[in-house]
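Below: one structure, written as structure tokens.
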Amino acid sequence: MPASKLEGLPEEERLEAYLKHKEIVLGCTKLIGELLRRRMIAPKILSSIMDDLLGDSSDESVEILCVLLRVVCPSLTQIFQSTPDTPTQLLARLKPLTSDMKLVKRTRFIVQDVLDAWEKQWRWERDPRQAPRTVTSSRETSWVHGAPAVRNVQRGGTNPRSVVLRVGATEIRR
């Protein structure tokens with residue numbers, strides 16, 4: 001957002017406008033990443049985007065680049081199979097940013113996360129595009145030793161040592 005539009009706003013509204021603008025920019029970046037991942041945009045565009053974003057090396061531009069790479073990352077090698085650039089060469093350009101003291105720690109850690117994910121061959125703990133799970137959905141899908149999580153453990157009638165386990169719709173009496 002142009003600085004001229006923000007000048008007359010109070011501090012709280014200025015921060016709100018900045019965060020809204022940042023959300024829009026990151027959303028557009030994710031869209032570009034998805035288009036690259038689905039090969040609807042030529043891979044050479046990623047190289048030019050990296051050149052532009054690494055040119056000024058500001059916190060915002062590096063964060064935008066990392067968001068883009070997190071979206072593109074699962075298919076980065078397939079995207080670049082027909083181009084002279086290799087993913088390793090592109091990501092090697094990020095390595096100096098992890099020790100660049102002009103960037104805030106948060107940004108340096110975001111860069112390090114992307115580099116660590118590359119070393120792990122982009123195997124995330126969870127899909128980065130997936131929203132965090134709620135406690136309820138986590139309980140519903142949890143598994144212990146190959147069986148669904150046990151619900152509603154109750155003591156059985158007259159025998160204090162007997163237990164009724166309910167797993168889904170099944171009851172197990174012990």
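Key figures
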quantity: Ile41 vs. criteria touching a residue at least 12 places away in the same chain (Cβ under 8 Å), more than 17 Å from the chain's Cα centre (by Cα) and either over 19 Å from Phe109 (Cα atoms) or not assigned by TED's automatic domain parsing to the domain that holds Cys28 (or both); calculated: no
quantity: All helices (runs of 4 or more DSSP H) inside segment 1-78 with 3 or more residues being at pLDDT 85 or above; calculated: 11-37, 44-56, 59-72
quantity: Selection from segment 36-58 of residues that are surrounded by 15 or more Cβ atoms within 10 Å (Cβ to Cβ) and not basic (Lys, Arg); calculated: Leu36, Ile41, Pro43, Leu46, Ser47, Ile49, Met50, Leu53, Leu54, Ser57
quantity: Hits in segment 93-118 - residues which are in a helix (DSSP H, G or I) and touching a helix residue (DSSP H, G or I) at 6+ places or on another chain (Cβ under 7 Å); calculated: Lys95, Leu97, Thr98, Thr107, Arg108, Ile110, Val111, Gln112, Val114, Leu115, Ala117, Trp118
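The values are calculated or read from the model by the stated rules, or taken from the named source; none is laboratory data. These numbers come from a predicted model, not from an experiment. With ideal geometry, Cβ positions are generated from the backbone for all residues, glycine too; neighbour counts draw on all protein chains shown.
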